[in-house]
Amino acid sequence: SPSGRTEDIAIERFASLADPHLCAIRYDVTPLDFDRAIEWRAGLNGHVGNRDTLHWDILGHGERHGIVWLHSRTRGTGIELGQAARLTVAPAGESEQFCLDCNGYPQAVGRVRARRGQPISAEKIVSVFSLRESPEAQIAAIEKLQGLGVGYDNLRAAHAGEWEKYWRVSDVVIE
């Protein structure tokens with residue numbers, strides 16, 4: 001970092017093959033030479049565009065029981081999209097979690113006191129639905145996360161299991 005602090009960072013992410021409505025990312029951070037607070041922000045950005053053209057009209061956004069959500073519609077086709085995200089920071093007993101409701105960019109925030117040599121992690125799990133899959137896309141996205149009883153490791157294992165099935169029936173040989 002510019003302040004001379006060093007840390008070991010590992011990042012892993014996937015869009016689930018086991019459940020096409022789920023995506024996840026995990027950051028594992030180990031401070032190597034410092035003790036201080038680290039903050040993660042897991043947001044949903046409704047202001048995506050190319051050059052000066054935004055792709056989405058924002059229909060709503062907010063927070064419900066620690067889950068941030070964004071409801072938007074494509075400007076070109078009018079297709080609505082519901083997204084929801086939750087953030088989990090570990091070690092949980094030492095973290096502070098809250099949500100920020102910025103216009104078109106709701107964020108789940110997690111802060112934890114980092115200690116030299118002790119790994120900490122942050123996991124963001126996102127659910128995505130369109131009106132093609134549910135008449136209430138944003139409600140479906142929120143409820144998917146509320147009903148999700150597993151974390152990153154279980155989702156990753158299910159995803160990997162689906163890839164194993166594909167490889168078993170594929171006709172690809174890697175030498």
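If I filter region 107-127 down to residues being out of contact with any helix residue (DSSP H, G or I) (no Cβ under 8 Å at 6 or more places or on another chain) and open to solvent by 80 Å² or more (accessible area, probe 1.4 Å), which single residue comes out as nearest to Gln83 (Cα to Cα)?
Arg111
Would region 69-78 turn up any residue that is in contact with a strand residue (DSSP E or B) (Cβ under 7 Å, 6 or more places away or on another chain), among the basic types (Lys, Arg), free of Cβ contacts under 8 Å to residues at least 24 places away in the same chain and under 16 Å from Leu44 (Cα atoms)?
yes
Looking only at residues in region 83-99 that are of a type in the set (A, V, I, L, M) and either at pLDDT 95 or above or open to solvent by less than 50 Å² (accessible area, probe 1.4 Å) (or both), which one is nearest to the chain's Cα centre (by Cα)?
Filtering region 83-99 for residues that are of a type in the set (A, V, I, L, M) and either at pLDDT 95 or above or open to solvent by less than 50 Å² (accessible area, probe 1.4 Å) (or both), the one nearest to the chain's Cα centre (by Cα) comes out as Ala85.
Could you please find all residues in region 128-175 being among the small types (Gly, Ala, Ser), open to solvent by 50 Å² or more (accessible area, probe 1.4 Å) and closer than 25 Å to Ile11 by Cα?
Once the filter is applied, which keeps residues that are among the small types (Gly, Ala, Ser), open to solvent by 50 Å² or more (accessible area, probe 1.4 Å) and closer than 25 Å to Ile11 by Cα, region 128-175 yields Gly149, Ala157.
I need every pair where a residue in region 53-67 that is within 14 Å of Gly43 (Cα to Cα) has its Cβ under 8 Å from the Cβ of a residue that is part of a strand (DSSP E or B) and open to solvent by 60 Å² or more (accessible area, probe 1.4 Å), sequence separation at least 6 or different chains.
Every condition considered, the pairs that remain are His61/Asp101; His61/Tyr105; Gly62/Asp101; Glu63/Asp101; Gly66/Gln97.
Go through region 10-29 and give me each residue that's part of a strand (DSSP E or B) and open to solvent by 30 Å² or more (accessible area, probe 1.4 Å).
Ala10, Ile11, Glu12, Arg13, Ala15, Cys23, Ile25, Arg26, Tyr27, Asp28
Of the numbered conditions (1) open to solvent by 60 Å² or more (accessible area, probe 1.4 Å); (2) under 16 Å from the mean Cα position of the chain (by Cα), Glu7 fails exactly one; give the number of that condition.
Tallying (1) open to solvent by 60 Å² or more (accessible area, probe 1.4 Å); (2) under 16 Å from the mean Cα position of the chain (by Cα), Glu7 fails exactly one: (2).
Going through Glu63, Glu80, Glu39 one at a time, which residue ends up being open to solvent by 40 Å² or more (accessible area, probe 1.4 Å), modelled with pLDDT of 90 or more, charged (D, E, K, R) and over 30 Å from Arg5 (Cα atoms)?
Only one candidate qualifies: Glu63.
The values are calculated or read from the model by the stated rules, or taken from the named source; none is laboratory data. As the structure is a computational prediction, the values presented were derived from the model and not from experiment. Here Cβ is always computed from backbone atoms with ideal geometry, including for glycine, and neighbour counts include all displayed protein chains. The accessibility values were calculated without ligands, DNA or RNA, using every heavy atom of the protein model including side chains. Shrake-Rupley method; radii C 1.70, N 1.55, O 1.52, S 1.80 Å.
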